[in-house]
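Enquirer: Next up is a structure, given as structure tokens.
The values are calculated or read from the model by the stated rules, or taken from the named source; none is laboratory data. Treat the numbers as computed from the prediction; the structure is a model and nothing was measured. No Cβ is skipped: glycine too gets one built from the backbone with ideal geometry, and neighbour counts run over all protein chains shown. SASA here: full protein model, heavy atoms, side chains in, ligands and nucleic acids out. Shrake-Rupley method; radii C 1.70, N 1.55, O 1.52, S 1.80 Å.
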Amino acid sequence: MQAAEGSTVKLAERDSYALALSSLQKSRAAWGPQYAKNLLCAFTETGTDSVFPAQVTPSSHAALGGTISGFAGLTLVDDAQVTQDIEFARLSQQLRLQVDAVMADLDALISAAQGFQNVRPELNSLRPEIFARVLRDLLDSASVETGTRALWLKLLAAPMGRELRAIYEKLIQSLQGANLQAVSYRMIPNASGSGGGGGGASRRGALEETGQHAGDNGGNRGSGAGRPAADAGGREFPGQVEFANPAQPEVGEALFEDFLLHGVDSRARLADSYYARVDEELRALRAETAALQGAPGADEDRGAAHAQPTGRRIDGQSPLDEQVWGTYARSTARKLVRAELKKEATHVGQVMGLEVVRKLVNQVAQDPRLMVPVRESIVALEPSLLRLAMVDPRFFSEETHPGRRLMERVAQRSFKYNDEASSDFLAFFETVRRAFNTLNGLKIDSAQPFNSALATLETAWTERDRADDERSQDVLKGLRFAADRQAMADQIAFDMSSRPDLDKVPGAVLDFLFGPWSLVMAHARLVDQDKQIDPRGFGVLVSDLVWSVKQDFTLRQPAKLMDMIPGMVRKLNAGLDLIGQDAGERAVFFDILIRLHGPVLKLRRLKSEQDVLASSAMPLDSDLLPATAEQRIPKAAAQPWLAPRDQDGAGFEETLPSAPSALVAEAARTRPAGAPENQPGEAGVAPAETRGQDSDQVERILLGLITGCWVDLFSNQKWRRAQLVWASDKGSLFMFVSHGGRPHSMTRRSCERLILHDLLRPVETHGVVAQALSALKSDALGKGQAGSRGLAPA
């Protein structure tokens, strides 16, 4: 909770976390003993959840009168209550997901301890739903806002799941150590499941063996669609299915669909025919391996990838470079690992996990967004992923699981590069190669090796990025300061425009006051440590400057103006020096100022009052006339102003020359090295029919540029992979950083021009693993809808 409070930048969220944290600290001393006491009471209430789900207590069910009919029974629930209910549902689901791997063994042992002849998971007093419900009731007793309880539930899920699994594992060991014999499952087929039913009936029978329905996600193990079952005492529990020794289902598409799409992790034992097929597969693979090893030059795998072009097709069966990936470079070696693990599998869920890994690796290996060496590295990691699937068959379904995070982080990190021959990419790839080869040599009995590998990689990447980050942070700090300064200057100019003494002030002077001088005043305030109202007196100067350009006053008090000019000029120069305005820019204003002061400066040569009056009557030049009504209204700057030295440091450069065709031609001659291998048209440039963007496309691309996204940018006659690290609040200024911490800053207009000429292209970097899983699910769903729902052999 402290980490969540520190990571958020929104003040309201930070206050919510702070309140939740302080309330939690006040209650934690009393809650420990009270939670234990409430759990003991709940453990004695077996069977309640078989009638009332964990989310609906008996009291609330009675209050609803059993059923609700019509709109009269509906009540409004505030958003905070809805949020709390959602967080409780998420807590229950996460607890079940984290302990699901051990629940089959625990249910069998607890049912035996309770005296049942068959497994009755719905009567397991220690099921995770009990822990979740007691926790919810305890939190409900706290005198806090509903939103605070929702935050507690949200953040308690992960640590509670870990602790609960550890408790279950210890309890299983204790019961097994006491020589308690676990009871078995008994399947009761439904009416349509007996006999020679079709694929749908077979699928239902397979699901009932696991105690789950499609889409159940393991949240209600034991709730089935068979006839009412009774316990040893004759009590009936509607909507339950008794479980017994399964009929050893065949492993096929239907089970795979349920495993992948609906989260059904079947604990059913495997059929003898399955092991017979695996033995045949193993014999064939070992014979093939021996033949290849005995025939030098006949193994197409050995070093085959080394001679292949970088644009070659990669999939899960591709041979890799043995000098890079060792033994598992050969596809036969990876197949052998998979077959040996299939032989070691004890239940259907493990086989399904192995199959998902095989298909997932194959899918990621064909992702055109990834460079070939990165795809090959995922293929090489398959043995370790297969071993992990034996321990945790559904690891891929958790975005935060170390196994899935390792694949995703390597893929996302690779988007930083667009040239696999560059030294930066080679250094990145070497760390990945070492980490993956080390994993392949380890015994995998938990997710910890993947966690360690990822931590090692992240440390290496952070160290390598440190110098680049320091450079880009310095530039970014300057850009943010410029944006803050511009926003404050716009406000100062707006406030200044209401001054009554600005009447009859020349428009050129108002432009100076509303522009550069407002920047000077804003800069002074931002850097002032003492928080003065008018640091360095730049605000006071406005009154002197305004008075000095009004000839009605200065010609009558020339001595005052003569005394004022030297100090005023020094302060003007000091202020403009502060913001870094060069001499050329300020020369225009000082020329106007001299011309406005000219009549007074000529007074020394005038001999009479009549000459003075004649001088004052001389017409002013058009650029020295009093400001118009439109000029009296300050206009907010389209983009933050930056001094020339700041522009150079921030990487502002004229990416498009005055004749764009020269640069576009150069872009057409080169190609971003990391572009997808199936990119049509000339290397590095889109086909003629898609080259260039219309205004709507440009606007869509601009809206899609969010902090952290990657783009291919053609800069200084070279394609560069750059990341957007900052954009101003108004979207008027962007800063990208390419390799070596090189900044590329540009205004919105420059960005539009680059996109228009196809010289800035967003890189698709959305989740690699998530996209691969989505493709697998779509494929499985398509097969299911086409009628392929039978239990075909794997």
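Enquirer: Identify, please: which residue in region 557-579 is out of contact with any helix residue (DSSP H, G or I) (no Cβ under 9 Å at 6 or more places or on another chain) and among the charged types (D, E, K, R) and is, among those, least open to solvent (accessible area, probe 1.4 Å)?
Expert: The extreme case among them is D577.
Enquirer: Could you list, ordered by first residue, the pairs with Cβ atoms under 6 Å in which the first is in region 355-370 and open to solvent by less than 10 Å² (accessible area, probe 1.4 Å) and the second is in a helix (DSSP H, G or I) and basic (K, R), at least 6 apart or interchain?
Expert: Once the first residue is open to solvent by less than 10 Å² (accessible area, probe 1.4 Å) and sits in region 355-370, its partners that are in a helix (DSSP H, G or I) and basic (K, R) give A365/R375.
Enquirer: I would also like to ask the following. What is the number of the single condition among (1) under 21 Å from F481 (Cβ atoms); (2) in a helix (DSSP H, G or I); (3) open to solvent by 60 Å² or more (accessible area, probe 1.4 Å) that V540 does not meet?
Expert: So V540 meets the others, but not (1).
Enquirer: Given the options L180, L126, name the one that is at pLDDT 85 or above, open to solvent by 20 Å² or more (accessible area, probe 1.4 Å) and more than 28 Å from T400 (Cα to Cα). Before the answer, list the steps.
Expert: On the way: L126 fails: more than 28 Å from T400 (Cα to Cα).
Of the residues listed, the single one that is at pLDDT 85 or above, open to solvent by 20 Å² or more (accessible area, probe 1.4 Å) and more than 28 Å from T400 (Cα to Cα) is L180.
Enquirer: Return the total of residues in region 109-123 being touching a Lys or Arg at 6+ places or on another chain (Cβ under 9 Å) and either open to solvent by 20 Å² or more (accessible area, probe 1.4 Å) or part of a helix (DSSP H, G or I) (or both).
Expert: Residues of region 109-123 touching a Lys or Arg at 6+ places or on another chain (Cβ under 9 Å): 110-111, 114, 117-119, 121-122.
Filter again for either open to solvent by 20 Å² or more (accessible area, probe 1.4 Å) or part of a helix (DSSP H, G or I) (or both), leaving 110-111, 114, 117-118, 121-122.
Residues meeting the conditions: 7.
Enquirer: What pairs come up if the first residue lies in region 478-490 and is open to solvent by less than 20 Å² (accessible area, probe 1.4 Å), the second is part of a helix (DSSP H, G or I) and among the polar types (S, T, N, Q), and their beta carbons are under 7 Å apart, counting only those six or more places apart or on different chains?
Expert: Every condition considered, the pairs that remain are A489/S518.
Enquirer: Using the structure shown, decide if M521 is of a type outside the set (S, T, N, Q), more than 30 Å from L733 (Cβ to Cβ) and assigned to a helix (DSSP H, G or I). First the steps, then the outcome.
Expert: Values: of a type outside the set (S, T, N, Q): yes; more than 30 Å from L733 (Cβ to Cβ): no; assigned to a helix (DSSP H, G or I): yes.
No; evaluated as a whole, the condition is false for this residue.
Enquirer: Testing T48 on (1) more than 38 Å from the chain's Cα centre (by Cα); (2) open to solvent by less than 40 Å² (accessible area, probe 1.4 Å); (3) modelled with pLDDT of 75 or more, one condition comes back false. Which one is that?
Expert: The single condition T48 does not satisfy is (3).
Enquirer: Working carefully through the options K335, K416, find the one that is of a type in the set (K, R), under 30 Å from V737 (Cβ atoms) and surrounded by fewer than 22 Cβ atoms within 10 Å (Cβ to Cβ). So that I can check it myself, show each step before the final result.
Expert: On the way: K335 fails: under 30 Å from V737 (Cβ atoms).
Every option except K416 fails the conditions.
Enquirer: Run down D100, D137 and say which single residue is open to solvent by 60 Å² or more (accessible area, probe 1.4 Å), modelled with pLDDT of 55 or more and of a type in the set (D, E).
Expert: Working: D100 fails: open to solvent by 60 Å² or more (accessible area, probe 1.4 Å).
Only one candidate qualifies: D137.
Enquirer: Taking into account only those residues within region 758-778 that are open to solvent by less than 60 Å² (accessible area, probe 1.4 Å) and over 15 Å from F396 (Cβ atoms), which is nearest to the chain's Cα centre (by Cα)?
Expert: From region 758-778, those open to solvent by less than 60 Å² (accessible area, probe 1.4 Å) are 758-761, 763, 765, 767-770, 772-773, 775-776; that's our starting set.
Next cut, over 15 Å from F396 (Cβ atoms) only: 758-761, 763, 765.
Working: D758: 27, L759: 26, L760: 23, R761: 21, V763: 15, T765: 10 Å.
Among those that are open to solvent by less than 60 Å² (accessible area, probe 1.4 Å) and over 15 Å from F396 (Cβ atoms), it is T765.
Enquirer: If you go through region 333-342 one residue at a time, do you hit one that is over 15 Å from N440 (Cβ atoms), touching a helix residue (DSSP H, G or I) at 6+ places or on another chain (Cβ under 9 Å), at pLDDT 80 or above and not polar (S, T, N, Q)?
Expert: Just the residues of region 333-342 that are over 15 Å from N440 (Cβ atoms), to begin with: 339, 342.
Filter once more, keeping what is touching a helix residue (DSSP H, G or I) at 6+ places or on another chain (Cβ under 9 Å): 339, 342.
Within this subset, residues satisfying the condition of being at pLDDT 80 or above are 339, 342.
Next, from what is left, pick out any that are not polar (S, T, N, Q): 339, 342.
Yes, region 333-342 contains at least one residue that is over 15 Å from N440 (Cβ atoms), touching a helix residue (DSSP H, G or I) at 6+ places or on another chain (Cβ under 9 Å), at pLDDT 80 or above and not polar (S, T, N, Q).
Enquirer: Has region 459-474 got at least one residue that is closer than 30 Å to S543 by Cα and of a type in the set (S, T, N, Q)?
Expert: Filtering region 459-474 down to residues closer than 30 Å to S543 by Cα leaves none.
Looking for residues that are closer than 30 Å to S543 by Cα and of a type in the set (S, T, N, Q), one finds none in region 459-474, hence no.
Enquirer: Which ones in region 313-332 are open to solvent by 30 Å² or more (accessible area, probe 1.4 Å) and basic (K, R)?
Expert: The answer is R313, and nothing else.
Enquirer: Restricting to region 685-695, name every residue that is under 25 Å from Q412 (Cβ atoms) and either modelled with pLDDT of 80 or more or outside any loop (DSSP other than H, G, I, E, B) (or both).
Expert: Step one: filter region 685-695 for residues under 25 Å from Q412 (Cβ atoms), giving 686.
Hits for region 685-695: nothing passes.
Enquirer: Return the residue satisfying two criteria in turn: it lies in region 263-275 and is in a helix (DSSP H, G or I) and open to solvent by 50 Å² or more (accessible area, probe 1.4 Å), and of such residues it is modelled with the highest pLDDT.
Expert: So in region 263-275, the residues in a helix (DSSP H, G or I) come out as 272-275.
Within this subset, residues satisfying the condition of being open to solvent by 50 Å² or more (accessible area, probe 1.4 Å) are 272, 275.
Details: D272: 81, Y275: 88.
Per the criteria, the residue is Y275.
Enquirer: Can you list the strands (runs of 3 or more DSSP E) lying wholly within region 719-783 that have 2 or more residues being touching a His at 6+ places or on another chain (Cβ under 8 Å)?
Expert: Numbers: elements: 733-738, 742-747, 760-762.
Strands (runs of 3 or more DSSP E) meeting the threshold: 733-738.
Enquirer: Condition test on P506, is it at pLDDT below 95, within 30 Å of G598 (Cα to Cα) and crowded, with 18+ Cβ neighbours inside 10 Å?
Expert: Yes; evaluated as a whole, the condition is true for this residue.
Enquirer: What about L442, is it outside any helix (DSSP H, G or I) and modelled with pLDDT under 95? Break it down stepwise before answering.
Expert: On the way: outside any helix (DSSP H, G or I): yes; modelled with pLDDT under 95: yes.
Yes: the conditions hold for L442.
One line per residue, one yes/no per condition, for (1) of a type in the set (V, I, T); (2) surrounded by fewer than 17 Cβ atoms within 10 Å (Cβ to Cβ); (3) modelled with pLDDT of 90 or more:
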site: Q697; (1), (2), (3): no, yes, no
site: V711; (1), (2), (3): yes, no, yes
site: Q717; (1), (2), (3): no, yes, no
site: G731; (1), (2), (3): no, yes, no
site: S738; (1), (2), (3): no, no, no
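Enquirer: Another one. Which ones in region 543-556 are open to solvent by less than 70 Å² (accessible area, probe 1.4 Å), under 16 Å from A627 (Cβ atoms) and in a helix (DSSP H, G or I)? Reasoning before the result, please.
Expert: Residues of region 543-556 that are open to solvent by less than 70 Å² (accessible area, probe 1.4 Å), as a first pass: 543-551, 554-555.
Cutting the leftovers down to under 16 Å from A627 (Cβ atoms) gives us 545-551.
Those that are open to solvent by less than 70 Å² (accessible area, probe 1.4 Å), under 16 Å from A627 (Cβ atoms) and in a helix (DSSP H, G or I): L545, V546, W547, S548, Q551.
Enquirer: Is it the case that S22 is at pLDDT below 50, on the phi < 0 side of the Ramachandran plot and assigned to a helix (DSSP H, G or I)? Can you show your working first?
Expert: Values: at pLDDT below 50: no; on the phi < 0 side of the Ramachandran plot: yes; assigned to a helix (DSSP H, G or I): yes.
Spelling it out, it is not the case that S22 is at pLDDT below 50, on the phi < 0 side of the Ramachandran plot and assigned to a helix (DSSP H, G or I).
Enquirer: Right, here's the next one. Which condition number in (1) at pLDDT below 80; (2) within 32 Å of the chain's Cα centre (by Cα) is the one that A157 fails?
Expert: Among (1) at pLDDT below 80; (2) within 32 Å of the chain's Cα centre (by Cα), the lone unmet condition for A157 is (1).
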